[in-house]
Amino acid sequence: MTKILLACSVVKSLRQGCVVCRKVGNTSGWPRLFSVKAQTAHLVLEDGTRMKGFSFGHSGSVAGELVFNTGLVGYPEALTDPSYRGQILTLTYPIVGNYGVPNTQELDELGLRKHVESANIQVSGLLVQDYSNEYSHWNSVKSLGQWLQEEKVPALFGIDTRMLTKIIRDKGTVLAKIEFDGQPIEISDPNQKNLIAEVSTKEIKVFGKGNPIKVVAVDCGVKHNIIRLLVKQGAEVHLVPWDQDLLSLDYDGLFISNGPGDPSLAETLINNVRKVLESDRPQPVFGICMGNQITALAAGAKSYKLPMGNRGQNQPVLNVMTGQAFITAQNHGYGIDSKSLPAGWSPLFVNANDGTNEGIMHNTKPVFTAQFHPEAKGGPTDTEVIKDFDGVA
Ligand SMILES: NC(=O)CC[C@H](N)C(=O)O
């Protein structure tokens with residue numbers, strides 16, 4: 001335990017004082033300096049680099065792949081995105097937690113999580129520069145620290161996230177662990193496992209029953225807002241397990257979702273999609289993120305590990321066909337080598353920052369994908385339109 005000084009700078013009202021003041025019994029109504037006890041833990045990188053941080057989540061050691069996201073908002077959505085499974089997430093925005101956490105249990109009329117992207121926090125751990133235990137938002141019901149503790153996910157503040165991001169940027173993939181005293185843990189690589197199998201639904205689920213267009217959605221770790229938007233666009237969504245045989249299913253459109261880990265490990269799914277592509281079925285196929293990678297691999301293209309991944313909310317993407325530019329939200333660590341696309345396929349979107357592939361299309365069949373997240377929240381909604389199964393251009 002280490003004592004740290006906190007300056008009480010936010011006074012909600014002179015009567016009440018701030019949340020921390022109330023906790024420590026400062027009822028004077030005036031801000032004051034006070035000391036609190038924060039448990040320390042270390043972030044340890046695979047090269048031995050150690051950084052001390054202060055715990056505001058669960059006090060348990062954890063290992064994972066270290067990644068960073070440059071978004072300014074959206075931590076409830078990012079933390080619950082199954083694509084982050086196995087990862088220790090660093091947020092580069094320096095002040096995190098000040099808008100609290102919404103009711104993560106609340107469901108919408110479809111039975112999907114209303115305010116988050118899945119039922120649980122999916123990241124292995126969280127690292128931030130400054131943590132705001134004091135929160136304020138019309139929709140918040142608890143602090144970020146409280147939520148992390150409830151879900152037993154460790155988190156540290158006081159980490160120099162700018163330095164850390166430079167390390168990840170320079171070294172590429174970095175494995176790491178958050179280690180508490182007396183709880184030793186080995187560093188391990190989550191990408192050795194087929195993580196899709198861990199997060200995918202075990203049984204077929206139907207959303208938007210009675211809607212006119214039947215869409216089979218392969219669940220690689222789908223975000224709830226994707227299902228919600230497909231239903232909003234008139235789809236009866238049949239969410240199927242990742243390894244479901246697809247040829248035997250009847251549908252008007254096939255969708256392949258986002259998901260965690262290395263796409264090349266999901267061999268069963270790649271083979272199932274390849275069979276669909278080779279069958280010359282006329283129904284459209286669309287994929288987001290992992291769905292782009294799986295479609296490309298099924299077509300015969302190659303995937304590779306990006307040097308540092310693209311995770312943020314302002315990634316510029318160009319539609320190669322129209323020249324139209326989008327500001328997109330995305331989070332991926334793998335990419336598709338556009339040059340490896342076989343004859344009959346073309347890149348559809350390209351990242352305007354680094355030239356990496358952002359989606360592909362078949363030249364004659366209605367098959368198209370996006371590496372970014374066109375439906376993403378929090379972030380802009382201007383790319384929502386591309387989930388229109390009539391096509392993109
Ligand atoms: N968001 C996603 O679907 C990510 C896909 C894949 N796991 C990657 O990191 O590239």
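The values are calculated or read from the model by the stated rules, or taken from the named source; none is laboratory data. Since we're looking at a predicted model, the values are computed, not measured. Every residue, glycine among them, receives a Cβ derived from its backbone with ideal geometry; neighbour counts consider all protein chains shown. Side chains included, ligands, DNA and RNA excluded: accessible areas come from the protein's heavy atoms. Shrake-Rupley method; radii C 1.70, N 1.55, O 1.52, S 1.80 Å.
Brief remarks on what is shown
- Residues being at pLDDT 95 or above, touching a strand residue (DSSP E or B) at 6+ places or on another chain (Cβ under 9 Å) and not hydrophobic (A, V, I, L, M, F, W, C) - total across the stretch 261-308: 17
- Options THR90, THR104: the member that is assigned to a strand (DSSP E or B), of a type in the set (Ser, Thr, Tyr) and either open to solvent by less than 60 Å² (accessible area, probe 1.4 Å) or without any contact (Cβ under 8 Å) to a residue 60 or more places away in the chain (or both): THR90
- Within the stretch 14-37, the presence of a residue that is among the β-branched types (Val, Ile, Thr), part of a loop (DSSP other than H, G, I, E, B) and modelled with pLDDT of 95 or more is excluded.
A quick yes/no check of all residues on (1) more than 10 Å from the ligand (Cβ to nearest atom); (2) more than 18 Å from PHE349 (Cβ to Cβ); (3) free of Cβ contacts under 8 Å to residues at least 24 places away in the same chain; (4) not polar (S, T, N, Q):
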{"position": "ARG228", "(1), (2), (3), (4)": "yes, yes, no, yes"}
{"position": "VAL231", "(1), (2), (3), (4)": "yes, yes, no, yes"}
{"position": "HIS238", "(1), (2), (3), (4)": "yes, yes, no, yes"}
{"position": "ASP250", "(1), (2), (3), (4)": "yes, yes, no, yes"}
{"position": "VAL276", "(1), (2), (3), (4)": "yes, yes, no, yes"}
{"position": "SER279", "(1), (2), (3), (4)": "yes, yes, no, no"}
{"position": "GLY300", "(1), (2), (3), (4)": "yes, yes, no, yes"}
{"position": "GLN315", "(1), (2), (3), (4)": "yes, no, no, no"}
{"position": "PHE326", "(1), (2), (3), (4)": "yes, no, no, yes"}
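- On inspection, VAL206 passes the criterion of being over 21 Å from ASP81 (Cβ atoms) and either more than 16 Å from the ligand (Cβ to nearest atom) or open to solvent by less than 10 Å² (accessible area, probe 1.4 Å) (or both).
- Qualifying residue in the stretch 85-99 (condition: within 16 Å of the ligand (Cβ to nearest atom) and hydrophobic (A, V, I, L, M, F, W, C)): yes
- For GLY291, the requirement of being buried (at least 22 other Cβ atoms within 10 Å of the Cβ) and part of a loop (DSSP other than H, G, I, E, B) is not met.
- Within the span defined as the stretch 262-270, every residue fails to be more than 26 Å from the chain's Cα centre (by Cα) and open to solvent by 10 Å² or more (accessible area, probe 1.4 Å).
- Check on LEU112, touching a residue at least 24 places away in the same chain (Cβ under 8 Å), out of contact with any Leu (no Cβ under 8 Å at 6 or more places or on another chain) and open to solvent by less than 20 Å² (accessible area, probe 1.4 Å): yes
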